1. Only one residue in 217, 185 is in contact (Cβ under 8 Å) with a residue 24 or more places away in the chain, among the small types (Gly, Ala, Ser), more than 29 Å from residue 86 (Cβ to Cβ) and within 12 Å of the ligand (Cβ to nearest atom), so which one is that?
2. When segment 49-98 is examined, which residues are found to be among the hydroxyl-bearing types (Ser, Thr, Tyr) and touching a strand residue (DSSP E or B) at 6+ places or on another chain (Cβ under 8 Å)?
3. Could you list all residues from segment 338-378 that are charged (D, E, K, R), out of contact with any strand residue (DSSP E or B) (no Cβ under 6 Å at 6 or more places or on another chain) and closer than 12 Å to residue 400 by Cβ?
4. Could you check segment 54-109 and list, in sequence order, the residues that are buried (at least 16 other Cβ atoms within 10 Å of the Cβ) and among the hydroxyl-bearing types (Ser, Thr, Tyr)?
5. Can you name the condition, by its number, that residue 372 falls short on among (1) buried (at least 18 other Cβ atoms within 10 Å of the Cβ); (2) within 16 Å of the ligand (Cβ to nearest atom)?
6. Looking at (1) over 13 Å from the mean Cα position of the chain (by Cα); (2) within 16 Å of the ligand (Cβ to nearest atom); (3) buried (at least 16 other Cβ atoms within 10 Å of the Cβ), which one does residue 191 not meet, given that it meets all the others?
7. Name the residues in segment 226-279 that are within 13 Å of the ligand (Cβ to nearest atom) and either polar (S, T, N, Q) or outside the structural domain of residue 108 (by TED's automatic domain parsing) (or both), would you?
8. Against the condition under 22 Å from residue 215 (Cβ atoms) and either away from the ligand (no atom under 16 Å from the Cβ) or not aromatic (Phe, Trp, Tyr) (or both), how does residue 311 come out, does it pass?
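The values are calculated or read from the model by the stated rules, or taken from the named source; none is laboratory data. Computed from a prediction, not measured in an experiment: that's the story for all the values here. Glycine also receives a Cβ, built like all others from the backbone with ideal geometry; neighbour counts cover every protein chain displayed.
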Amino acid sequence: MTSKLESLRSVPDPPQAGASSPAAQAGASSPAPQATATVAIHGGEERDKPHHAVTTPIACTATYTFSSTAALRDHFEGRIEREEYGRYGNPTVRAAERKLAALDGAEDCALFASGMAALTTTLLAVLKSGDHVVLTSDVYRRTRQFVGTFLSRFGIESTLVPAGDVDACAAAIAPGKTKLLVTESPTNPYLRLADIPRLAELKKTTGARGLKLLVDSTFATPINQRPLELGADLVVHSCTKYLGGHNDLLAGSVAGSAALVSALRDARGVLGAVLDPHAAYLLLRGIKTLALRVERQNQTALRVARWLEAHPAIERVYYPGLASHPDAAIAGQLRGHGGVISFLVRGDLDVTSRFIDGCTIATIAPSLGGVETLIEQPALMSHYELTTEERLAIGIRENLVRLSVGLEDADDLVADFSRALDGVASTAPGANGAGASHVAEEIASHVR
Ligand code: PLP
């Protein structure tokens, strides 16, 4: 089983049409490397499945039987590889883990009950009292909250550095003490990009022995970015987003070296944030269309971003595929720019809300990456509990919209946004009074 898996882990760059035949996976010693789309479908799964099924079945069991005490000994003494108890492993989950490892170009991957479960388990497994962690300031809000509020209780210190400032990262690293550098790329909501190769260089240039680089690559997916190839040690995805792709599951993954992932799996067995096999099945199914979906979302989002940027009712668009994006210079790190666009409507909080309410295709909801186009006003969704002043202090303008483009027809989406903008254009009081729009993504790099 392992040798077949190894053969599926080699994913060429970039994805190509006309990938080698799936038959090449049947166990040949060194099959041709396969394109990402092929790996997304066949990677990690046994070719011969139970009951001659085409799909990997859901192993709906909490525990596993041993035929004899000798079989139990064989398992514990490493002579046979098998499952033992549901918190330590499940075959359906394992297939999804192997598929993700193949897609991320990793030796191994562990799945968790959510993206946050993946992140919290990893941080708890990798860090110990007295260690120090550096985070770029626009990593996911709950990750920062976990480090600042929970890990600090266990004597783990942290420093937040402005996103994109590699020199500040270098200065924050305390050799011997800093064990983890956590970054995200692209980020939420301004789609800022981390220079992953330069951050990876810091492991050598700062002399910080044992320093690991973790990249949350949720917004990119393995289709648009593979951080391990750029020098990261661990790559995290909230599989709730593009990997699941249908807004019907929560899951999180961490991929990296076999040794690191084995430690995470052990920690998961203690902390208990396991993925349910039903969700693992949905994830396996979702990933099969990942390449197709993300490529289309890349195309549609670029089209919508360009259209929005040219529209007089829009003040500013943030999309890494546009030359106007603050990180356009390093956008080549991405193979595609993803399906999320953020933009400022020319108007205030209410005008922006009326634009959103006028959309008939995009649905108001948090999250991103699914087949349905989702839209939200961060001031009234993720940052609802803050005052206007508090939001502005952290870069969240009241007229900011975050859009996650789904798989609807691009012309239909543009027509719908056009109608919704026409509906509010006559009432817009002009750009809101929060200052120049470029300030927003700069202040967004501070703690929020
Ligand atoms: N990382 C990023 C970048 C996210 O956007 C999210 C959720 O929005 C998470 C992690 C957490 O994932 P989950 O919601 O699956 O716990």
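1. None of the others qualify; the one that does is 185.
2. Listed by number, the residues that qualify are 63, 64, 85.
3. Correct list: 348 only.
4. 56, 64, 92
5. Against the list (1) buried (at least 18 other Cβ atoms within 10 Å of the Cβ); (2) within 16 Å of the ligand (Cβ to nearest atom), residue 372 comes up short only on (1).
6. Of everything listed in (1) over 13 Å from the mean Cα position of the chain (by Cα); (2) within 16 Å of the ligand (Cβ to nearest atom); (3) buried (at least 16 other Cβ atoms within 10 Å of the Cβ), residue 191 misses just condition (1).
7. 238, 240, 247, 253
8. When the stated conditions are applied, residue 311 does not pass them.
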